[in-house]
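The values are calculated or read from the model by the stated rules, or taken from the named source; none is laboratory data. These numbers were taken from a predicted model, which means no experiment stands behind them. Cβ coordinates were reconstructed from backbone atoms using ideal geometry, including for glycine residues, and neighbour counts include every protein chain displayed. Calculation scope for accessible area: heavy atoms of the full protein, side chains included, ligands and nucleic acids excluded. Shrake-Rupley method; radii C 1.70, N 1.55, O 1.52, S 1.80 Å.
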Amino acid sequence: TISTVLSVNGTGDDTNDNNNSATENTAYVTPKADLSITIDDTVDPVLLGQDFDYWVTLANVGPNAAPNATFSLYNNGNLRYRSIVVPPGFQCTLPAVDAAPILSCATASFAMGASVQFLVTVRTDPQLINAVTGGTVQTVVTASSAIADPAPAVNNQEVEDTLVIPVLLFKDGFE
């Protein structure tokens, strides 16, 4: 509640001092935006040295619009960034092609009830993943905004594990 007190006084003779001030109480509800984010790989397992895509879905179930809504993506250092398809209204800070896929995209206001998808293309890097055994790459996405999220621990971060399998080399049909 926000309380505002207004009062007046003067130099003359006031016959009723009881009406010289008033208090106005205004209920204030802190705005909240319940953001959620998911990430899904389009291929799993993926071959070493292969490009593949992540679908990242950002949603706001409200109850208010989310000012300065931001989505961020990073991984454990064994992928290379290739490209991104960005929905209208978002601006992104992107790495160079073939750099580590650490990126973020933001919009000034993300409406209550809105949902958007980003398509992020990455490549498994044979120099960073064991070429004989393969491995697992882990990619993390987060969502945030300038106002409170009523359930931040539940839905503001998701991790996607993608299995990378080595490419077998064959010589004359056998190795």
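Roughly to the nearest percent, how much of the accessible area of segment 79-134 is carbon and sulfur, given a 1.4 Å probe?
57 percent
Sequence-distant contacts, meaning Cα pairs under 8 Å at least 6 residues apart, place the relative contact order of the chain at 28 percent.
Computed over the chain, the range of Cα coordinates on each principal axis works out to 111, 28, 24 Å, biggest value leading.
Dividing the convex hull volume of the alpha carbon atoms of segment 5-99 by its residue count gives 191 Å³ per residue. The residues of the chain expose, per residue, 59 Å² of accessible area to a 1.4 Å probe.
If exposed chymotrypsin sites (Phe, Trp or Tyr not before Pro) are those in a DSSP loop with at most 10 other Cβ within 10 Å, what is the longest stretch of the chain that has none?
Working: sites that count: 28, 170.
Excluding the exposed sites themselves, the longest stretch runs over 29-169.
Given axes a ≥ b ≥ c from the Cα gyration tensor, I'd like to know whether segment 1-41 is rounded (a/c under 1.5), prolate (a/b larger than b/c) or oblate. Verdict is prolate for segment 1-41.
For the options 30, 136, 162, a Gaussian network treatment of the chain with springs between C-alpha atoms closer than 10 Å singles out 30 as fluctuating the most. Put the Cα centre of segment 116-160 next to the Cα centre of segment 39-113 and the gap is 8 Å. Working note: 222 nm ellipticity from helices only, DSSP H runs with n ≥ 4, each -39,500 (n - 2.57), summed and divided by the residues of the chain, gives -500 deg cm²/dmol to the nearest 500. Largest GNM mean-square fluctuation across 143, 69, 96, computed for the chain with C-alpha springs under 10 Å, falls on 96. With contacts taken as Cα pairs under 8 Å and at least 6 residues apart, segment 35-76 reaches a relative contact order of 40 percent.
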